[in-house]
Structure formats: C-alpha cells, structure tokens
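Undergrad: Below is the structure I would like to discuss, written out as structure tokens.
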Amino acid sequence: MRIAEVEALHLRIPEVQEIADGTQDVLVVRVRTDEGLVGYGEVSSAPTVVKAAIEAPRSAARRHGLAAVMVGTDPLDPPARWQEMYDASRWYGRRGVAIHAMSGIDLALWDIVGKAAGKPLAGLWGQRRARVRAYASTLFPDTAEEAERITQDFAAQGFTAVKFGWGSFGHDLEHDHAILDAIVAAAGDQVEVMVDAGLAWTADEAIRRAKLLFERYPITWLEEPLKEDDLDGYRRLTKEVDGRIAAGESDSTIYPFRDLLDRGVRVLQPDVGRAGGLTTCRQIGDLARERGAWCVPHCFSTGINLAASLQWMAVVPDAPFIEYSVRSSPLRNRLVRNVPIAVNGWVDVPTGPGLGIEVDEAVIDEFRVI
Ligand code: MG
C-alpha cells in the first residue's frame, strides 16, 4: 500500500471570534492510499500557515513540503514516516508549525493503520479501558453568577471535574476570587475544579497567586500560570508551591516536555494535533509516567482530535482525565458524525476501525475555505 494523496483542508465557521476557542477554525488532513483507504487527522494551529507546510513543493535538502515527501511511501509505518517528515523539514521545522503539520498527517496515517487492520487503534495497542473520565472544559465567564450557573449545569450533566480557563481570569485578584468562590461553592464535594490561568502572570505574580489559590481552593491543578518559555519561572514556582502545576499544550516534540518535567511540572498536556501526533504523544506519555507525572491531553477542537486522544488514553496504564470541550461550534459537534459524547462524566472510546470516527464529508464541503 502506498500514500496517493495528502490534502490540507482548511475549515472555518463564518464568524471566528478572537477568543481561546480552537473549534472555530481548523485544519483537517485527509490522506488517501492507492488501495482506496482514507485516513483523517487534524491540526491544532493556525490553519493557513500549516497548509503551506503541507502543500509546499519539494525544494533543496531539508526544506521540503510534507505532502510531497509522503506521496508514494508506505502509510502503515507512521513512526518511520514521522522521522522522514522531520528530516525533510529540519531547515524550517523541528518545532512549531512543521511539527503541527506533521501531527495531522501522523493522525491520518494511524487512522489508516487501524482501518487496514479493521480495528480501533486501542485494540491494536492493547486496550486497558473502554471509557475515560472527562473534565468539562470551558472559558471563564465575566461574572460570578454566570460561573455559578455554568458549574451547576456541568454538575447536572454528570461531570465530576470542570476546568475554567482564559477569558476574564488573571488580571484582577478580587474578580478572580469572586468567580472561583462561586465555582467552588457550586461544585461542592462531588466535582473537582481545575484552573487555567492562560499565561497571565510573571513568575513573581504566579508564585504569589498560586499560593493564594492552593490555600483557598481545593483545585486539582493550576494550568499555564506562566508564559511557555519561562522555564526558570516554572522551576521557581514549583519549588514554592505544593499544588500540581500543568503545562505544555502549545509545545511540540518530546523535548520541551522533558524540560517541563525537569522544572517540576507534574501534569503534561500535549495536544495530539500539535505535539507530533500519536507517535510523539505516546512517547511523552511514557516519559511522564517514568517521572511520576500525569499526562492529560489538551483537547479543545473537533471530534477527530477527541477520538485520537481517546484511542491513546484507552491504552496507557493510568489516564486520570480527558479534556472535553463543551463549546457549541458546528465543527466541534458535526464534523464527526459519531463525535464521542460525555455521559455522566465519562466518554466512551470509539470502537470503529482506526480513530473510530465517521467524518462527514458534507460538513467539510460546507465549511471548507477554497
Ligand atoms: Mg489550557
């Protein structure tokens, strides 16, 4: 079997708001083989930039477009293809956009591997669980009243963990605590709460704020209090604070995750659509386990990303959570016909072959940017 075509499909809802919601504007990768199999992947990045990395022609050594490198090769060995793409893009890649683009292709190749075998990836890799505990993930609202109502809604839907992030949080201590007072009261004893500070603080601020947060609230983790590259800040913060610090959603390749572990970060959050696909994320998961940290995938996009993350979480020795976006974008809810649904706070691992999803080609046509 050979790869016949690699397409980068940019899908966009009519109105994209400038908020931290990755379900509005996505890049889907569709790979066809010469035997008629089709695999799908998704990239969590800036779609048009990623599209260029995939569609660029062959050039001088180490600066090729990725589709040109993949066509004609064997789709059934994704780690080998990963290394070829990495080597072919070293001059502009190694991190960032090139790895994001590789991630989408890697997911599509794994989808083909499963489809060729007639099994879900979890079934090929040694499935340990049929469902994963979900935490509901949404943006901080502007008022305590809204925060209370949203938390009550999540609890009523059966979620036992919720995360609020970005939005209005991080700029005013009194505002933040008023909102968290409302969330934690509404959550009660039954629902765990996580806080995503959305890169809001400097190291000094983060140390002060994190101490207050962990003293005052029973939060499961504090996510991205610092900018991604402030590794020295992460080291200082984790020395001063006992609570779990989470990070890594924007990182790509295994190396920055090793750096975060070295600085005391205890929850790694690779995104299968950015970090290097399932090939890299499974390595990051192994590394986290070796070092006693959690690996909880960032997952705030369409059903393709969610299904891929679930196939992975189904096979790891321990999978505390999967992130579950509750945004209402049509790409989040309709691109995949059988998008995995959280029921009573758990999401079933898809059982179909490959990623286990049925992508709706009519939705691709409806939202595709030509
Ligand atoms: Mg986050």
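The values are calculated or read from the model by the stated rules, or taken from the named source; none is laboratory data. These figures come from a predicted structure and were not determined experimentally. Virtual Cβ from ideal backbone geometry, glycine too; neighbours counted across all protein chains shown. Each accessible area value is taken on the protein alone, full model and side chains, heavy atoms only, with ligands, DNA and RNA left out. Shrake-Rupley method; radii C 1.70, N 1.55, O 1.52, S 1.80 Å.
Undergrad: Whole percent per 5 Å bin, from 0 to the bin with the longest distance: what is P(r) over all C-alpha pairs of region 3-118?
TA: The distribution over region 3-118 is 2, 13, 24, 23, 18, 11, 7, 3, 0, given as percents.
Undergrad: Grab the chain and count how many Lys pairs have their alpha-carbon atoms under 29 Å apart, sequence gap of 8 or more, or different chains.
TA: Total qualifying Lys-Lys pairs in the chain comes to 8.
Undergrad: Roughly how many nanometres apart are two label points built 7 Å out from the Cα toward the Cβ at ARG334 and ALA156?
TA: Those two pseudo-labels are separated by 2.6 nm.
Undergrad: Give me the number: length gained by fully extending LEU287 to MET1, i.e. 0.36 nm times residue separation minus the C-alpha to C-alpha distance, one decimal in nm.
TA: So the extension gain works out to 99.7 nm.
Undergrad: Right, something else. Give the span of the chain's Cα atoms along each principal axis, as three whole-Å numbers ordered largest to smallest.
TA: So the extents along the principal axes, rounded to whole Å, are 59, 41, 41.
Undergrad: With contacts defined as alpha carbon pairs under 8 Å and 6 or more residues apart, what's the relative contact order of region 3-118 in percent?
TA: 29 percent
Undergrad: To continue, here is another question. Rounded to a whole number, what % of the accessible area of the chain do carbon and sulfur atoms account for, probe 1.4 Å?
TA: For the chain, the apolar C and S fraction of the accessible surface comes to 47 percent.
Undergrad: How much area per residue is accessible in region 107-258 when the probe is 1.4 Å and only protein heavy atoms are counted (Å²)?
TA: Spelled out: the 1.4 Å probe surface of region 107-258, per residue, equals 42 Å².
Undergrad: Pull out the extension gain between ASP232 and ASP189, defined as 0.36 nm times the separation in residues minus the alpha carbon to alpha carbon distance; nm, one decimal.
TA: Working it through step by step, the gained length comes to 12.0 nm.
Undergrad: Rounded to two decimals, what is Rg over Rh for region 259-332 when you use alpha-carbon atoms and the Kirkwood radius?
TA: Rg/Rh for region 259-332 comes to 0.98.
Undergrad: In terms of the Cα gyration tensor, with a ≥ b ≥ c the square roots of its eigenvalues, is region 136-261 rounded because a/c is under 1.5, prolate because a/b exceeds b/c, or oblate?
TA: Prolate, because a/c is 1.5 or more and a/b exceeds b/c.
Undergrad: Sticking to Cα atoms, compute the Rg of region 196-246 to one decimal and its Dmax as the biggest Cα-Cα distance, whole number, in Å.
TA: 9.5, 28
Undergrad: With an 8 Å Cα cut-off and a minimum separation of 6 or more residues, compute the relative contact order for region 123-355 in percent.
TA: 22 percent
Undergrad: Say each of ALA46 and ARG90 gets a label point 7 Å from the Cα, pointing the same way as Cα to Cβ; how far apart are those two points in nm?
TA: Using points 7 Å along Cα→Cβ, the separation is 2.6 nm.
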